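**Student:** Before I ask anything, let me first share the structure, which is written out below as C-alpha cells.
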Amino acid sequence: MNEINPNILTTVTREDVKRLKEARHVNFHRIPVSETAHEFSIFMWEAIQSRLYEKNEKALQWTLKREEKFWKTIDSIICDLAYQHLLGEGEFLYMSLRSSAYKASRYQLQNVSYTAVKDAFDILLSNDLQMIEAKFGYQGGKGYSGRSTRIRPSDRLSKIIDFFGLTLSDFGEADNKETIVLRDEKENPTSLAKLTEYEDTPTTIRMRQEMTLINDFIGSLDVTCPHQHDPNATDLVRIFNNSDFNLGGRLYRGWWQTMPYRERVNIEINGMETVELDFCELHPTMLYAEVKDAQLPKSAYEIDDMSRKEAKVLFNAMLNAKRELSNWPKDLEGESMKMSLEQAQTTIKSHHSGIGSFFHSGKGLELQRNDSDLIVATILDLMRRGIPALPIHDSLIVPELYADEVEEVMKKWFLRLSGAEVEVKLAA
C-alpha cells in the first residue's frame with residue numbers, strides 16, 4: 001500500500017480559498033543572483049541528488065542524460081517558491097501538468113519541457129523530500145480560467161528559506177524573455193487570451209530593441225517605495241491583442257502599474273520624489289483629431305446625470321466593445337446609476353455625436369496601439385535627456401524636478417503623432 005503524502009492537499013481552509021484563486025503562474029525565468037541564493041540552490045540540489053541516488057535509479061539515469069534541462073527547471077521552481085514565500089507567507093503558485101502547455105514557443109524557455117517540469121514536481125512532492133504542498137486541478141488563477149495544479153513551499157522548505165536569511169533582492173530573472181507578446185482573441189470575457197506565435201518583421205524587431213533599451217534603463221534606476229511590491233518586476237512587455245499588431249501594444253508587468261495611486265505617490269526614483277503626469281482625456285482627443293470638423297467638447301466626461309468616473313468608464317467600454325453593452329462595465333458594478341444602461345449609452349453618444357460611429361466598433365484597441373506608441377516614443381526621448389520615467393498606460397511617473405520638461409516632451413510627441421494638441425496634468 002502506498003504511503004499517503006501529507007503535503008497533497010485534499011481539503012483547504014477558508015483562508016486558503018482566496019490564496020488558491022489568486023495564485024500566479026510559476027516563473028521559470030527566476031534565478032539566484034546573490035552568493036546566498038546560490039548557496040541555497042546548491043543545498044537544494046544536493047538534497048535532491050541524494051534522494052535520486054538513494055531512491056530512484058531510473059530518475060537518476062534521466063537526469064544524467066538531460067542534466068542541464070532538468071536542473072535549470074527545478075532550480076527555477078525552487079527559486080520562485082522561495083521568492084513567493086518572501087512575498088507573502090502561504091501564497092500559492094500554479095503550474096500546468098499537461099504536456100500541451102510546454103510546446104516549443106517563442107514564449108517558452110528552451111530549458112523547460114513537460115518531462116522536466118513533471119519530474120521536478122514529483123521529486124519536490126515526494127515523501128522523501130516533501131518540499132512543496134500541492135492542490136491538484138484547482139479552477140482558475142490570475143489570468144487563467146482553466147484547471148491547474150497549485151503549489152507552495154511546505155513547512156520544511158519554508159524553514160530552509162528562512163534559515164538562509166534570503167531576501168527578494170537575492171533573486172532575479174533570466175534576460176531571455178519575449179517582450180513583444182501577441183495574444184489571440186478571448187474566447188469569453190473572463191478567459192485569458194492564448195499566446196499567438198508570429199514571424200518577426202522589421203517592425204517587431206524594432207519594437208523588441210526599443211523594449212530592451214527601456215528595460216535596461218529602468219533596471220539601472222534606484223526605484224523605491226515603502227509599500228509592499230515585487231522589486232524584480234521591472235521588465236516591461238508590449239502586449240498586442242486579437243492576433244493583430246495594430247491592436248493594443250500597451251506596456252505591462254511593472255510592479256508600480258498595479259499599485260493604487262495613493263501608494264504610487266510615495267515612489268522615489270534615484271532618491272528623488274516623483275509626480276505622475278497624465279495625458280488628459282487621451283482617447284477622446286485622439287478620436288476628435290481623426291474626424292474633420294468634429295469639435296471636442298469642453299470636457300469629454302462631464303455629462304449630465306453621470307459622475308466623471310461613470311462617464312469615463314462607460315465611454316471607454318463603448319469604444320472597446322463591438323456591440324451594444326448588455327451589462328454595466330465591471331468598474332461600475334455597485335454604483336448607483338441614475339439611468340438605465342441603454343439610456344446611459346444613448347446619452348454618451350449624444351454628448352459625442354461627432355465621433356458616434358466609433359462606439360461599439362472595437363476602436364479602443366486601435367487607440368491603445370496609438371497611445372502605446374506615444375508612450376514608447378516619449379520614454380525614449382526622455383532617456384536621451386537622462387530623465388527616468390515609469391509608464392502607466394497613458395501616464396508617466398517621473399522625478400518632480402523634471403516635471404515641466406517632461407510635460408513639454410509629452411505634448412510634443414502627441415502633436416507629432418496625432419497632429420493635435422493635448423493637455424497634460426498631474427494625476428489625481
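Quick note: the coordinates plus some simple rules give every number you see, no bench work behind them. Every value quoted in this text rests on a predicted model; they were computed, and no experiment measured them. Because the Cβ atoms are built from the backbone with ideal geometry, glycine has one as well, and the counts that use them run over all protein chains shown.
**Student:** Given a Förster distance of 22 Å, report the FRET efficiency between residue 253 and residue 33 from their Cβ-Cβ distance, rounded to the nearest 0.05.
**Tutor:** Numbers: r = 19 Å, r/R0 = 0.85.
Calculated transfer efficiency: 0.70.
**Student:** Where Lys and Arg each count +1 and Asp and Glu each count -1, what net charge lies around residue 399 among other residues with Cβ under 11 Å from its Cβ?
**Tutor:** My count for the surroundings of residue 399 gives -4.
**Student:** Still on this structure, I have one more. Hey, if you put +1 on the Cβ of every Lys and Arg and -1 on every Asp and Glu Cβ in the chain, which of 306, 377, 121 ends up farthest toward the positive end of that dipole?
**Tutor:** 121
**Student:** Here's something else I'd like to know. So for the pair residue 136, residue 408, with labels modelled 7 Å out along Cα→Cβ, what separation do we get in nm?
**Tutor:** Spacing of the two 7 Å Cα→Cβ label points: 6.6 nm.
**Student:** Considering Cα pairs under 8 angstrom that are at least six residues apart, work out the relative contact order of the chain and quote it in whole percent.
**Tutor:** After rounding, I find 14 percent.
**Student:** Please sort by residue number the trypsin sites (Lys or Arg not before Pro) in the stretch 157-213 whose DSSP state is loop and whose Cβ has at most 12 other Cβ atoms within 10 Å.
**Tutor:** Here the sparse-neighbourhood loop sites are 194.
**Student:** Going 7 Å from the Cα of residue 169 in the Cα-to-Cβ direction, what parts of the stretch 186-224 have a backbone nitrogen less than 20 Å from that spot?
**Tutor:** Residues 216-224 fall inside that zone.
**Student:** Using the 10 angstrom Cβ neighbour count as an exposure proxy, how do 353, 96, 336, 243 rank, fewest first? It would help to have the intermediate numbers written out before the result.
**Tutor:** Values: 353 10, 96 18, 336 6, 243 15.
The order, fewest Cβ neighbours first, is 336, 353, 243, 96.
**Student:** Using the basic label-point model (7 angstrom from Cα toward the beta carbon), what is the residue 293 to residue 381 distance in nanometres?
**Tutor:** 3.2 nm
**Student:** Between their Cα atoms, which of 194/363; 18/118; 292/411 are more than 23 Å away from each other?
**Tutor:** Violating the 23 Å limit, Cα to Cα: 18/118.
**Student:** For residue 25, put the label point 7 Å out on the Cα→Cβ axis and report which residues of the stretch 168-203 keep their amide N under 17 Å from it.
**Tutor:** 173-188, 190-198
**Student:** A further question on this structure: What does the charge count near residue 280 come to, summing +1 for each Lys or Arg and -1 for each Asp or Glu among other residues with Cβ under 14 Å from its Cβ?
**Tutor:** Details: positive: 298, 308, 312, 411, 425; negative: 276, 278, 281, 302, 371, 394, 407, 421, 423.
Net local charge, residue 280 excluded: -4.
**Student:** Working from Cα positions, state the angle (0 to 90°, nearest 10) between the long axis of helix 341-351 and the longest principal axis of the chain.
**Tutor:** 50 degrees
**Student:** Next question. When N counts the residues of the stretch 199-357, how does its alpha-carbon radius of gyration compare numerically with 2.2 N^0.38 Å, as a ratio? The partial results should precede the final answer.
**Tutor:** Numbers: Rg = 19.4 Å, N = 159, 2.2 N^0.38 = 15.1 Å.
So the Cα radius of gyration is 1.28 times the expected 2.2 N^0.38 Å.
**Student:** Right, something else. At a Förster distance of 45 Å, what's the computed FRET efficiency of residue 361 paired with residue 115, Cβ-Cβ distance as r, to 0.05? Intermediate values should be presented prior to the final figure.
**Tutor:** Details: r = 46 Å, r/R0 = 1.03.
About 0.45, to the nearest 0.05.
**Student:** Once R0 is set to 22 Å, what does the formula 1/(1 + (r/R0)^6) return for the Cβ-Cβ distance between residue 192 and residue 228, expressed as a FRET efficiency to the nearest 0.05?
**Tutor:** 0.35
**Student:** Between 158, 148, 99, find the one with the highest GNM mean-square fluctuation for the chain; connect C-alpha pairs within less than 10 Å.
**Tutor:** Maximum among the listed residues: 99.
**Student:** For the chain, list log₁₀ I(q)/I(0) at each q in 0.11 Å⁻¹, using the Debye formula over Cα point scatterers of equal strength and ignoring solvent, two decimals each.
**Tutor:** Relative scattering, expressed as log10 I(q)/I(0), comes to -0.97.
**Student:** Could you go through the stretch 280-286 in sequence order and give the Karplus-derived ³J(HN,Hα) for each residue, using 6.51 cos²θ - 1.76 cosθ + 1.60 with θ = phi - 60°, rounded to whole Hz, and x for Gly and Pro?
**Tutor:** For the stretch 280-286, the Karplus curve yields 6, 6, 4, 5, x, 5, 4 Hz.
**Student:** Explain nothing, just the number: dipole magnitude of the chain about its Cα centre with +1 on each Lys and Arg Cβ and -1 on each Asp and Glu Cβ, in debye rounded to the nearest 20.
**Tutor:** For this selection, approximately 1360 debye.
**Student:** Another question, if that's okay. Out of residues 5 or more away from residue 240 or on other chains, whose amide H comes under 5 Å of its own, with H placed 1.01 Å from N in the peptide plane?
**Tutor:** Sorted by chain and number, the residues that satisfy this are 181, 182, 183, 249.
**Student:** Next question. Residue 322 label point, 7 Å along Cα→Cβ, cut-off 20 Å on backbone N: hits in the stretch 333-370?
**Tutor:** 357-370
**Student:** Now, a different point. Give me the net charge of residue 338's neighbourhood, meaning all other residues with Cβ under 11 Å from the Cβ of residue 338; Lys, Arg count +1, Asp, Glu -1.
**Tutor:** Numbers: positive: none; negative: 304, 305, 310, 335.
Spelling it out: positives minus negatives among the neighbours equals -4.
**Student:** Who wins for biggest fluctuation among 284, 202, 153 in a Gaussian network model of the chain, springs between alpha carbons below 10 Å?
**Tutor:** Looking only at 284, 202, 153, the biggest GNM fluctuation is shown by 202.
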